[in-house]
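To start, the structure itself, in structure tokens.
Every number here is computed from the coordinates shown, using simple stated rules; none is lab data. Since we're looking at a predicted model, the values are computed, not measured. FYI the Cβ positions are ideal-geometry reconstructions off the backbone, even for glycines, and counts take in every protein chain you see.
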Amino acid sequence: MRHRYVAGAYGLVAADPVTLAKEYLSARYATSHEFITEEARANWVAAVAAFGVYAWGARFHAACTASFCGPAAQQKEPVCDSCASADIVRDASAMWDSRTGQWSFVDIYDCHTCQACEREGDTIVRWRPHQGVEPIFRFIQEAPAC
């Protein structure tokens, strides 16, 4: 084992969850890194993630999410409370603005309609975290077996 990797491992043990998250994301998504091979980089990423989860658990995951996704991780989307579809529409009214030559919203109505199950009403929607965000720990499935 090379000395710099041992020093790096010591840095893992002493690091807080935010520092670990930044190291994980830096090694995971950087196009160039200081590792000699792609396998060495992948192993380092797996080690950082494993230690982060072991030592800090949910705090490490939250730090990764905040660092990687930023505000997008906190975004929510409306889904049908019956079928869980995100295919929700609402009616609105618009007015022609002759100064700008465009339609502008006047009002959005309270009623929601689920396009998937055709349910309709003012209270059919619940809010969930936005599903378009990439899962942080997807790398575990991609990492080579030891």
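Only Cα pairs under 8 Å and at least 6 apart count here; give the relative contact order of the range 76-129 as a rounded whole percent.
Normalised by residue count, the contact order of the range 76-129 is 42 percent.
Which peptide among 116-127, 78-89 comes first, and what is the full order, when sorted by highest mean count of other Cβ atoms within 10 Å?
So the peptides 116-127, 78-89, ranked by packing, come out 78-89, 116-127.
For the range 76-129, give the magnitude of the charge dipole about the Cα centre (Cβ charges: +1 Lys/Arg, -1 Asp/Glu; no others), in debye to the nearest 20.
Computed about the Cα centre, the dipole is about 220 debye.
Taking 0.36 nm per residue of sequence separation and subtracting the Cα-Cα distance, how much length would be gained by fully extending the chain between CYS111 and TYR54, in nm to one decimal?
15.9 nm
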